[in-house]
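One structure below.
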Amino acid sequence: MKYFLLILLFSGLLFFSFLGGTSVFQRAEARNAECAREMMQNKEWIVPTFNGELRTDKPAMEYYGMMAGYWLLGTNEAGARLFSALCGLLVVLATFWIAQRHFGEKAAWWSALTMLASMHLIIQFRLATPDPYLILCHTLSIYFFYEGWHSRKWKWFALMYIFMGLGIFAKGPVGLLLPGLTILLFMLFTKTLTWKRFLELKPWWGIILVAAVAVPWYYAVHIKTGGEWTRIFFFEHNLNRFDSGISGHHGPFIMPFIFVLAGLLPFSVFSIRAFKETWKQRKNNPLMVLAALSTLVVVGFYALSQTKLINYTSPAYPFLSLLIGSTIAGLIKNPESLRKTKIETYIMAFLAIAIPVAIFFFLKYSPLQNISWIAWFMVTLPIGGILALVLRKKSSAYGLLSIAAAFMLSTFIIFWKPFQIIDNQSPVQKYGETVSAHKHVVAYKDFHHAFAFYANTRIPVFQNEQNLLDYLAKHEDVVVLSRNHDLSYMDEIPDLEQIGVGRDLFSRKSSGIYIKH
């Protein structure tokens with residue numbers, strides 16, 4: 001119980017603290033948050049829109065979560081992210097739960113710590129995107145499958161089907177495809193794909209449950225948009241992304257493997273050892289086999305896809321954490337644990353020392369102004385790394401705990417201050433209030449989509465200069481937004497005064513804000 005309460009406390013602090021501390025500057029987050037705001041404002045429960053136009057990127061589950069967050073916390077950044085954070089909490093607790101049931105409390109402790117020490121995992125569950133919802137549904141569907149397979153009780157399979165349906169509602173076909181493929185491979189590997197075991201799954205009821213959860217909204221949006229949402233979502237945002245990819249997001253086959261290892265640092269350094277241990281225990285530890293297959297299916301699927309993004313492979317994190325947590329728990333019990341964990345501990349200590357240095361030089365030579373000093377906020381990392389090397393002489397567990405504590409504390413500190421300092425330099429944060437204070441807000445060619453969230457109104461976008469001039473001639477108190485690599489063309493438009501131009505965070509483009517004289 002002590003371990004569970006500690007994990008609950010750490011999870012609450014990391015997922016929910018300072019949740020509204022930064023603007024929705026990330027493009028996808030801005031579009032999702034604004035879409036949910038528009039649906040709530042318009043009392044539209046079926047058709048997603050962004051800036052008044054049909055949004056076909058994702059199904060509506062995330063928008064419902066954000067609307068619930070707005071109702072609880074207000075229409076703000078924290079409200080948009082609240083249920084993403086809740087998904088993160090549930091994923092960590094579910095991983096602790098299944099590890100404790102089948103591996104023991106120590107393995108559950110280390111599995112959860114592996115997840116909480118990962119800065120990318122924490123960030124992933126603090127964004128207003130569909131990925132937290134998909135990760136939760138994907139993780140629970142596989143965990144519940146294993147409970148049903150292990151106990152041969154259908155109630156677990158029923159829960160599996162429900163969360164598969166919710167996975168489809170969260171992000172589309174991958175909500176069924178990824179867990180379905182994992183389960184098929186697992187039953188083939190364990191030689192349990194027999195007619196008798198297949199009937200225990202009661203697939204006819206499964207189809208009904210999945211359809212009951214997933215189909216109603218898809219059918220409603222199909223009817224209400226005359227099939228337009230269905231056509232664009234399935235063919236452009238699913239088939240085309242897999243087959244052709246998105247410009248700027250291609251990469252080699254190995255890229256998703258690198259994403260998972262980098263995203264789950266620091267404890268991902270145990271990955272090779274964890275897979276070796278799984279292979280050794282493949283005949284008597286089916287949960288480790290399932291966790292390994294779950295990891296490989298996600299990574300392999302996106303290795304074959306033409307679109308490669310680090311957030312796509314994040315559904316593998318809970319399962320790789322299970323493998324690593326179980327492996328660490330086994331190593332620590334071994335009398336030779338100091339020797340067996342030496343390489344991984346030294347690598348993690350090196351990373352703890354190197355990461356703040358790398359961040360310092362990255363910020364020093366970035367377009368952001370005079371903020372390289374915030375790397376000092378991460379001094380906890382090298383302290384933890386050095387402490388790990390000292391403490392491991394007494395106990396390998398103490399060394400690893402020092403690393404976990406250093407990374408978790410650094411993540412907490414980053415959300416407390418550094419992220420907010422960086423965000424203060426974004427055009428969205430600098431000029432958001434200025435934009436919302438004007439009666440008319442329009443854009444020329446393009447604009448940072450977060451401004452739509454803060455303007456609280458539809459922003460007309462003009463592609464033709466004459467159309468923009470005609471609009472300016474008829475309206476007073478107008479703000480004009482634009483976004484591009486080079487905004488010099490805005491200087492040629494008469495009667496506009498530049499309020500400010502700033503480089504968008506983590507982008508090569510700049511946003512310009514102008515008002516009519």
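Read-outs throughout are calculated quantities, based only on the coordinates presented, and are distinct from any laboratory measurement. All of these numbers come straight from a predicted model, not from anything done at the bench. Quick reminder, even Gly has a Cβ in these numbers, built from the backbone with ideal geometry, and neighbours come from all protein chains shown.
Couple of notes before you dig in:
- Partner lysines whose Cα lies under 17 Å from the Cα of Lys394, excluding those fewer than 8 positions away in the same chain, are identified as Lys333, Lys340, Lys342.
- Packing order of peptides 348-355, 185-192, 164-171, highest average first: 164-171, 348-355, 185-192 (average count of other Cβ atoms within 10 Å over each peptide's residues).
- Set of aspartates and glutamates near Lys308 by C-alpha distance (under 15 Å), chain-local residues within fewer than 8 positions excluded: Asp131, Asp243
- Cα gyration tensor shape for the range 109-262, rounded if a/c is under 1.5, else prolate or oblate: oblate
- The aspartates and glutamates within cross-link reach of Lys417, meaning a Cα-to-Cα straight distance under 20 Å and a gap of 8 or more places when in the same chain, are Glu77, Asp504.
- Between the helical axis of 271-280 and the longest alpha-carbon principal axis of the chain there is an angle of about 40 degrees.
- Alpha-carbon centroids, the range 169-192 and the range 406-420: separation in whole Å: 36 Å
- Distance violations [Cα-Cα > 24 Å] among Lys439/Lys509; Lys171/Lys276; Lys171/Lys445; Lys364/Lys509; Lys106/Lys191; Lys106/Lys280: Lys439/Lys509; Lys171/Lys276; Lys171/Lys445; Lys106/Lys191
- Long-range amide H partners of Thr49 with built H, under 5 Å: Met39, Arg55
- DSSP-assigned coil residues among trypsin sites (Lys or Arg not before Pro) in the range 252-309, each with at most 10 further Cβ atoms within 10 Å: Lys283
- Cut-off 10 Å between beta-carbons: net charge of the residues surrounding Phe16, Lys and Arg +1, Asp and Glu -1: +2
- Taken along its three principal axes, the alpha carbon spread of the range 380-515 comes to 76, 27, 19 Å, from the longest extent down to the shortest.
- Largest to smallest principal axis extent of the C-alpha atoms in the range 152-208, angstrom: 31, 22, 15
- In terms of its C-alpha gyration tensor, the range 249-408 comes out oblate, because a/c is 1.5 or above while a/b does not outweigh b/c.
- For the range 1-68, the Kirkwood hydrodynamic radius from C-alpha pairs, put into Stokes-Einstein at 20 °C and a viscosity of 1.002 mPa s, yields a diffusion coefficient of 155 µm² per second.
- Sites matching GluC sites (Glu not before Pro) across the range 412-517 that sit in DSSP coil, with at most 11 neighbouring C-beta atoms within 10 Å: Glu476
- Once the Cβ-Cβ distance of Ile272 and Val501 is raised to the sixth power relative to R0 = 30 Å, the FRET efficiency obtained is 0.05.
- By the Cα gyration tensor, the range 433-476 has an equivalent ellipsoid whose semi-axes, rounded to whole angstrom, run 19, 13, 6 from largest to smallest.
- Prolate/oblate/rounded label for the chain (Cα gyration tensor, a/c 1.5): oblate
- Nearest-ten-degree value, helix 174-189 long axis tilted from longest Cα axis of the chain: 20 degrees
- Stokes-Einstein D in µm²/s, Kirkwood radius over Cα pairs - the range 63-111 at 37 °C with 0.692 mPa s viscosity: 274 µm²/s
- Evaluated over the range 86-190, the Cα radius of gyration and Dmax, each in Å: 13.9, 38
- Against the main long axis of the alpha-carbon atoms of the chain, helix 154-171 sits at an angle near 30°.
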